[in-house]
Amino acid sequence: MFRATEIHLYKLYVSREQAFQLLTKIGHMKCVNLVNCSNSAFHEHDYYKQLKICDDIYNKISEIKNLLQLYNKQINYCPNYEQFIQYITITEDQAIKIEQELAHKLQFISSQQTNLQQIIEQRNICEEKIAVIQYCKDFIYKFSGIQLGYIVGCINSIDSLKFNRIVFRVTKENGIIKFKNLNNNSRTIFTLVFAVGKYENLKNKLLKICEAFNVSVYQLPEEINLENEISELQNKLLNLEIVIQKTKYEIDQQLDYFSDIQARIPLELDQVYDFGYCSYICQLKIILDMISTTYYHLTFFEGKSQFLIGQIWCQQSDIEELKQFGFQIEIMRDINENMYEPPSLLKTNQFTYIFQELVNTYGIPRYDEINPGLFTIISFPFLFGMMFGDIGHGILLTLFGFYLLIFGQRIIKRIKLQNSSEYLAYSDFQSLYQCRYLIILMGLFATYCGFIYNDFFSISLEYKLEKFQLGFDGKWSMSEFHLTVMNSFKMKTAIIVGVTQMVFGILLKGQNCLYQRRFVDFFFSFLPELAFMLSTFGYMSFLIIIKWLTDYSNNMEPPSIITTLLNMVFKLGGINGPEMYPHQVYVQTILIKVAICSPIIMLLKPEAIRIQRAYFNQRNQQIVYDELIEQQNHQVEQNQQKNQLFGQLIENRKIIEDKHFDFSEIYIESLIQCIEFILGAVSNTASYLRLWALSLAHSQLSEVFFKMSLEPQLCNGSIFGICFTFMIYALATFGVLMCMDTLECFLHSLRLHWVEFQSKFYKGDGYRFQKFNYLYFLDQKFQFSTRM
């Protein structure tokens, strides 16, 4: 993790027939980055049609998913991609086979749904007709000897009131209408009887009204055929129910084919997870994801007549593994490798992953620069512990981290096996589970700093080790100067830690300059910055330590460090009062001169760049002249030919002097960097005082919660009062200190790393190594998209 893993750029030549199978093998590797070297537009590439086929299959899978949800079928999502893809072998024609299978199944299900809908409509008509006949037979046949007209049928219940009002107006009170709700209450039976004064015209008007209201009108049979008609309708209804059940069974059978787990024997839940079993539709989705991502990466290749040409970033060991696959391929080192900026391959494990993600959130490290993630493993939880220092709170945080470490995988396994449609429940807990080692270290360092501060839920402990005292003595808690002493200690400790971390960051910058052979930056940027930081704030930290180690019990007045530093600046190294150490004036005189000269040296960087460029151009021109002399020995005589040859050599070597080189821009940039560093050194050092401020806030909040709630009840309260106030104290501690303050300390520790520490040496403008790996692709797609 100190730097990105060494990789190289290779050219890959493969025949078209073997390209797909080769990429399926590469997809199971872990450290191969395919480079898009195609000169064709995406929609013009040879494999664009295959990607369109995959898109059509995705739509069909979505249709089946909607059908499964419509029919309340359980979808068993894949709980373990790693185990599942081990047993999957994809082929180039598999997408077409999947499309044909899904198209056939969807067509069958669609036809069955259409038939089912038609049969259900016929059944509803039969049910309505039977209900109408049974309801209207006594009312209609009673007036069979009287010249009356009638209309019977069913209407939507919400339209019955409007229908009644319009019929009343049209019949001019010469009609009677009766309603009765069916069992489902959405449809209403009506019986309309009217006088036959103008029979034909009135009936036609009423039928048009029925048509406008989408009324189902039924014709009653003759009275002597009534029972036979009802019997025939009931038999028809019975047959329709049988057909409906068969059609539903066939649809369920087809949907069960997609929703059931494709296993030969019944499985326990643990076996389902261990082997990655899932519903067949999910299996097709995973296979299609693998096929589509393979075709997508095939578009990265430049197509020739019989073969494809691609570029890959990988390690030398991966090239040896590629050659062992047995394909007829040609791999060679790209001669233009130096023209490209390599991606940063940062290998991590379960422990270092979260610390590297903290760095990557700020920016991906360059290929050849030092990676701050290695140092973040210790520095981040340590700074958090300084702000969150408390023995009790640190132990609680550590226990929570160990809970995630021991039971976290089981919880994730249970969430996956529950097949919840809310994938965010898994995603959020997965993010928390990945932080388990960070939380453990944060808790351990908080506990350690709590011992240093001697703070246990705001209570000072009385303990004594055999040979030394760890942290502050508990007797300080009874002193009236307790808060003053603790504030002084925490503030000075924050300064020392901050200066140490910033100096370490500057040293890492020097290492980067030497590794990248940027010697101008090393001499005119790194050395002046290091000298300025050590001669000012480094010296201040040295005075703090000297003052701590000096005994002032013999009526000596301890000197003020701020006053000493001010006299050092304004008196050029002079002091007032006795020296804190031998030759203090001489040392301070040298340090103030170093601090003054450091910015001047930084401002000389543009001149060094100008001299370097002049030397570079002169040296390359000498090379050109030497080659001219060599050509002259081969009888190149004409001056015009010499001039042409000279121009060609210059153009081929690309040593034409940059006419756009502007010295003023470089000087202004150097001036800005100098001012920014000097002001930043002051502001960054002051920024580390947040370590003291948040530690003070944490301890005071904890003390207030204890003294205002639990302490009075412990002194003279009842058992009920102690239990009640303890609940209040526990809730306040958990909500404010364990949740809010933990997040606050985490964010401030993150800021100190991003701004104060990493700004000294870290550019963070690289780009991530995009590995072509099926498991990585499936996990990313699962976490950042909807399930399925």
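Only the coordinates and a few stated rules stand behind these numbers; no lab work does. Not measured: the values here are computed from a predicted model. Neighbour counts run over all protein chains shown; Cβ positions are idealised from the backbone, glycine included.
Points worth noting:
- Relative to its residue count, the range 287-384 spans a Cα convex hull of 182 Å³ per residue.
- Listed from fewest to most Cβ neighbours within 10 Å, the set 754, 548, 692, 313 follows the order 548, 754, 692, 313.
- Dipole magnitude of the chain about its Cα centre (Cβ charges: Lys, Arg +1; Asp, Glu -1), debye to nearest 20: 1400 debye
- Of 387, 602, 708, the sequence from fewest to most neighbouring Cβ atoms within 10 angstrom is 708, 602, 387.
- Sorted fewest first by neighbouring Cβ atoms within 10 angstrom, 594, 193 come out as 594, 193.
- Helix-only arithmetic for the chain: the sum of -39500 (n - 2.57) across DSSP H runs with n ≥ 4, divided by the residue total, places the mean residue ellipticity at 222 nm at -20000 deg cm²/dmol.
- Overall form of the range 213-258 per C-alpha gyration tensor (a/c, 1.5; a/b vs b/c): oblate
- Relative contact order (%) - the chain, alpha-carbon pairs under 8 angstrom, separation at least six: 21 percent
- Each of 435, 766, 573 was scored by the projection of its Cα onto the charge dipole of the chain, and the greatest displacement toward the positive side belongs to 435; charges sit on the C-beta of Lys, Arg, Asp and Glu.
- What separates the Cα centres of the range 530-568 and the range 119-136 is a distance of 101 Å.
- Neighbours of residue 491, meaning other residues whose beta-carbon lies under 14 angstrom from its beta-carbon, give a summed charge of +4 when Lys and Arg score +1 and Asp and Glu score -1.
- Translational diffusion coefficient of the chain (Stokes-Einstein, Kirkwood radius from Cα pairs, 10 °C, 1.306 mPa s): 44 µm²/s.
- For the range 206-250, the residue among 221, 240, 206 whose Cα projects farthest onto the positive side of the dipole built from Cβ charges is 240.
- Electrostatic bookkeeping for residue 10 treats Lys and Arg as +1 and Asp and Glu as -1; over the other residues with beta carbon under 12 Å from its beta carbon, the sum is -2.
- Cβ crowding within 10 Å averaged over residues, with 735-742, 112-119 ranked highest first: 735-742, 112-119
- Reachable lysines, given that their alpha-carbon falls under 27 Å from the alpha-carbon of residue 707 and they are not under 8 places away in the same chain: 464, 475, 490
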